[in-house]
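Handing you this structure, nothing more for now.
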Amino acid sequence: MIRSMRRTRRMLQLTGAGSALLMALGACSSSAGSSGTAGKPEEPASARLSGTVTVFAAASLTESFTALGKEFEKQHPGTRVSLDFAGSDTLAANITSGAPADVFAAASPRTMAMVTGKKDTIGTPVTFVRNQLEIATVPGNPHGVSSLKDLTRSGLKVVLCDKTVPCGAAAQKALDASGLKLTPVSYEQDVKGALTKVELKEADAAVVYRTDVKAAGDGVEGVEFAESSKAINDYPIALLKNAQNTRAAKAFITLVRSAEGRKILNQSGFLTP
Amino acid sequence: MTTLHEPGAAAGPRTGRTRRGRGAPEGRRGAPFPLLVPGLLALAFLLLPLLALLVRAPWRSLPHLLTSPEVWQALQLSLVSATAATAVSIALGVPLAWLLARTDFPGRGLVRALVTLPLVLPPVVGGVALLLALGRNGIIGRWLDAWFGITLPFTTTAVVIAEAFVAMPFLVISVEGTLRAADPRYEEAATTLGASRFTAFRRVTLPMIAPGIAAGAVLAWARALGEFGATITFAGNFPGRTRTMPLAVYLALQNDPEAAVSLSLVLLVVSIAVLAGLRDRWMTGA
């Protein structure tokens with residue numbers, strides 16, 4: 001939470017500065033997204049999007065949604081995308097207790113159901129990406145991990161996400177599907193916690209998402225395993241009932257689901273549903 | 001803690017004035033309005049969330065939850081590790097407090113500031129710092145691993161270390177304050193009578209500051225019991241080994257909020273019982 005809040009604040013400053021710059025340039029630059037308004041920013045106010053879109057997104061979407069937010073602001077000068085990243089459960093709890101958000105992108109149907117269950121969404125959530133598990137090992141893979149079964153070897157320090165969080169539930173599903181029993185040294189509270197333990201070389205391996213392995217860069221080495229296809233995670237996105245800026249929020253969801261949005265998401269390692 | 005009594009004593013002349021002016025009840029009960037209202041607001045602010053916990057607690061499923069082995073395991077681990085962390089804090093913190101209060105060395109102010117750093121540091125940062133120092137790959141942990149084959153992360157020892165890291169400053173501050181308030185001339189008299197400085201510390205100073213140590217120990221124990229961030233970062237989370245109550249609460253919150261409320265309640269009751277029991281006995285006397 002602390003990490004995500006700090007990140008959000010920094011992001012706000014960044015996006016704030018960015019949108020101010022865009023507004024200043026707005027008069028002389030033509031933008032791709034808003035056709036017909038190029039050169040005349042004060043034209044029909046109804047056609048132009050403005051204001052802030054507040055997006056609550058799962059922590060695993062941090063990199064891609066930051067990029068999508070920048071893209072949205074570029075396409076719609078005068079708008080601002082305010083992003084809040086945290087665990088899906090935390091965000092869902094925030095939304096159902098009245099947090100002012102426009103869009104919710106969750107890392108699992110279960111967490112989205114917490115919000116739809118309270119009738120806090122407009123329309124049905126749609127799956128916009130999927131995420132697959134991967135094994136993260138320390139760089140160079142010194143223990144020669146090549147399959148899920150290798151993780152059950154004794155002497156290997158493995159961390160998993162707790163079964164209560166999506167990445168842990170998915171890992172358990174993959175283990176069950178292949179009839180494996182694995183005793184980790186720790187059940188981490190979220191996927192980033194599991195990854196950090198490997199990045200700091202405190203653990204030899206962790207079962208995380210492909211996207212996390214990608215985001216960690218050279219800090220870890222990714223090992224794909226066959227059973228991961230049995231535990232693919234769907235990411236639903238939905239417009240929220242309490243949305244302050246419904247039009248811009250709809251436009252943001254459209255961007256996420258567009259070919260352009262998909263490209264950005266694929267770059268982070270997400271799969272097309 | 002003596003300050004608690006001072007307002008009453010010092011309020012003598014002031015209440016006198018109030019009595020003349022507005023006919024307020026006499027003696028220590030006469031609280032001026034500008035203090036009473038915000039004071040009561042503060043009380044409500046601090047107690048309301050706890051009250052909410054009581055109101056929303058799923059009383060019916062409580063007995064079932066509390067007898068589950070996982071909860072017992074977590075509670076037991078919490079109590080044992082918090083007590084161990086307090087013991088570590090006393091063993092190391094009291095000497096440190098003495099050094100800070102009774103010796104003079106360059107940069108003492110800075111050292112004192114650094115000692116209190118874990119108080120304000122986000123606990124997660126503390127956990128990461130501990131990993132970087134004592135982890136398998138840490139600057140000290142690397143040698144522990146290579147020479148003795150000891151790795152601390154993911155062990156109960158790591159829980160105790162994490163808790164001691166955040167709790168010890170409470171003890172050090174408390175004991176240092178007591179030492180500064182205690183008259184050093186007693187120790188000096190003892191040394192002039194032939195006692196070594198350590199004997200003087202053991203036989204004269206220590207009994208004198210015992211209430212301060214007790215107060216600090218209670219604070220440290222309570223802080224250790226509630227420790228979450230540094231624990232999960234440095235020690236991880238494994239049932240029976242490193243999953244303390246705060247971790248169990250956090251994880252229960254993910255998919256079973258009712259269980260989280262119940263667990264919080266247990267932690268609350270244990271904390272209140274210990275704080276109330278010890279506070280009356282030790283802390284008001286300090």
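Can you send over the solvent-accessible area of B:Trp72, 1.4 Å probe, protein chains only, in Å² to the nearest 10?
For B:Trp72, the solvent-accessible surface is approximately 140 Å².
Another question, if that's okay. Could you pull out every one of the lysines with an alpha carbon less than 24 Å from that of A:Lys250, ignoring same-chain neighbours closer than 8 positions?
A:Lys40, A:Lys70, A:Lys74, A:Lys118, A:Lys119, A:Lys241, A:Lys263
Determine, from the Cβ-Cβ distance of A:Thr124 and B:Arg142 and an R0 of 35 Å, the FRET efficiency 1/(1 + (r/R0)^6), rounded to the nearest 0.05.
0.10
What residues of the stretch B:202-242 lose no less than 30 Å² of accessible area with every protein chain in place versus their chain by itself (probe 1.4 Å, heavy atoms only)?
Checking the loss per residue gives B:Ile232, B:Asn237, B:Phe238.
Per residue, how much accessible surface does chain B expose to a 1.4 Å probe? Answer in Å², no decimals.
55 Å²
Which order do the peptides B:74-83, A:74-83 take when ranked by the mean count of other beta-carbon atoms within 10 Å per residue, highest first?
Highest mean packing first, the order is A:74-83, B:74-83.
Among the trypsin sites (Lys or Arg not before Pro) within the stretch A:117-188, which fall in a DSSP loop and have no more than 14 other Cβ atoms within 10 Å of their own Cβ?
Sites meeting the loop and neighbour criteria: A:Lys118, A:Lys119, A:Arg153, A:Lys181.
Determine the residues within the stretch B:116-153 where the difference in accessible area between the chain on its own and the full set of protein chains amounts to at least 50 Å²; count protein heavy atoms only and use a 1.4 Å probe.
B:Leu131, B:Arg136, B:Asn137
Kyte-Doolittle cut-off -1.0, length cut-off 27 Å along the helix's own axis using Cα: show which whole DSSP H helices in chain B pass.
B:33-56, B:69-102, B:156-181, B:206-226, B:257-281
Next up: Treat each spin label as a single point 7 Å out from the Cα along the C-beta direction, and report the B:Ala42 to B:Asp104 distance in nm.
The answer from the label model is 3.7 nm.
Give the B-A buried accessible area in Å², both sides summed, 1.4 Å probe, nearest 100. Please list the in-between numbers first.
Working: alone 16790 and 12790 Å², together 27620 Å².
Interface area, both chains combined: 2000 Å², rounded to the nearest 100.
The values are calculated or read from the model by the stated rules, or taken from the named source; none is laboratory data. This structure is a prediction, so every number in the text was calculated from the model and none was measured. Counting neighbours? That spans all protein chains shown, and the Cβs are built from the backbone with ideal geometry, glycine included. Side chains are part of the model used for accessible areas, which takes the heavy atoms of the whole protein and leaves out ligands, DNA and RNA. Shrake-Rupley method; radii C 1.70, N 1.55, O 1.52, S 1.80 Å.
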